[in-house]
1. Using the Cα atoms of the range 2-104 to build a convex hull, what is its mean projected area in square nanometres?
2. Take the chain, connect every pair of alpha-carbon atoms lying under 10 Å apart with a spring to form a Gaussian network, then pick out the residue of Ala70, Ala23, Ala35 with the largest mean-square fluctuation.
3. Rank by packing, highest mean first: peptides 25-31, 45-51, with packing defined as the count of other Cβ atoms within 10 Å averaged across residues.
4. Between Asn38 and Ala83, 0.36 nm times their residue separation minus their Cα-Cα distance comes to what?
5. Provide the gained length on full extension for the span Met56 to Glu7, in nm with one decimal, where the gain is 0.36 nm per separating residue minus the Cα-Cα distance.
6. For the chain, what does -39500 (n - 2.57) per DSSP helix run (n ≥ 4), summed and divided by total residues, give at 222 nm, in deg cm²/dmol to the nearest 500?
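Please treat every number below as a calculation from the coordinates, not as lab data. It should be emphasised that the depicted structure is a prediction, and the values quoted were computed from it without experimental measurement. Cβ: placed from backbone, ideal geometry, glycine included. Neighbour counts: every protein chain shown.
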Amino acid sequence: MAQLLLEESLSVCREIGARPGIAAALQSLGDLAGARGNGEGAKRHYRSALTLWDEMEHAGGIARCTQELANIVAIEGRADLAAVLLGASEALREQIGAIVPPVQRKVGTDAR
């Protein structure tokens, strides 16, 4: 049901040209795919959202997608790439004065 609603939201946002809504829906589809263990699907959606956030110069969206991509590649055993992505996400968050919301923190990570 969640996927259906997100896909419907994505479709409506595309129809009306709501780019922030498109990026948010893609990001949420990435979250859902990741939660379902579909790393490839998650990466595909996050990359699409990241492209839009970048085009809109939306630093918060860029940081979040980069963080989520890092989580996926870490699960895949690519710690070196995950570290680079997390570092980039953290640096961007520091530049804009943003923190990782508690709901986005992964279990077992240092929340500081």
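1. Across all orientations, the range 2-104 yields a mean hull projection of 6.4 nm².
2. Most flexible of the set in this elastic network: Ala35.
3. 25-31, 45-51
4. Using 0.36 nm per residue and subtracting the Cα-Cα distance, I get 14.1 nm.
5. Values: separation 49, 0.36 × 49 = 17.64 nm, distance 2.14 nm.
Residue separation times 0.36 nm, minus the Cα-Cα distance, leaves 15.5 nm.
6. The per-residue figure over the chain is -25000 deg cm²/dmol.
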